[in-house]
């Protein structure tokens, strides 16, 4: 969690590519720079798509893990 910003959570379970990334992009655009977004997804493609999205957009992927049937990502907005 950021020292200055609370961590937001975006649950996109049940959505398939490209919706998890599109919804994460929209949420991140509305957040302050340095804020952290936790994305919870169920689409296996998100394990590839979310890191690629972060790299392309300049956001920092703080963590990526699989928890049970979900994929969880923590992203710090640029």
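Coordinate-derived values only; no laboratory data. Computed from a prediction, not measured in an experiment: that's the story for all the values here. Neighbour counts run over all protein chains shown; Cβ positions are idealised from the backbone, glycine included.
Using only the Cα atoms of the chain, each taken as one equal point scatterer with no solvent, compute I(q) by the Debye sum, divide by I(0), and report log10 of the ratio at q = 0.21, 0.22, 0.25 Å⁻¹.
For the requested q values the scattering log ratios are -0.85, -0.93, -1.21.
Using the number of other C-beta atoms within 10 angstrom as an exposure proxy, rank 52, 59 with the fewest first. Walk me through the intermediate numbers first.
Numbers: 52 11, 59 18.
By the 10 Å Cβ count, ascending, the order reads 52, 59.
How much of the DSSP bridge set in region 7-76 is antiparallel, in percent, rounded to the nearest 5? Before the final figure, lay out each step's value.
Details: 13 of 18 bridges.
Antiparallel bridges: around 70 percent, rounded to the nearest 5.
For region 7-76, what relative contact order do you get, as a whole percent, if you take Cα pairs closer than 8 Å and at least 6 residues apart? Please report the intermediate quantities before stating the final value.
Working: 113 pairs, mean separation 24.6, N = 70.
Relative CO of region 7-76 lands at 35 percent.
Taking the alpha-carbon centroid of each part, what is the distance from region 46-63 to region 16-45 in angstrom?
That distance is 9 Å.
What 222 nm value per residue comes from the helices of the chain, counting each DSSP H run with n ≥ 4 as -39,500 (n - 2.57) and dividing by all residues, nearest 500 deg cm²/dmol? Present the calculation step by step, with values, prior to reporting the outcome.
On the way: 2 runs with 23 residues, N = 78.
Value at 222 nm, helices only: -9000 deg cm²/dmol.
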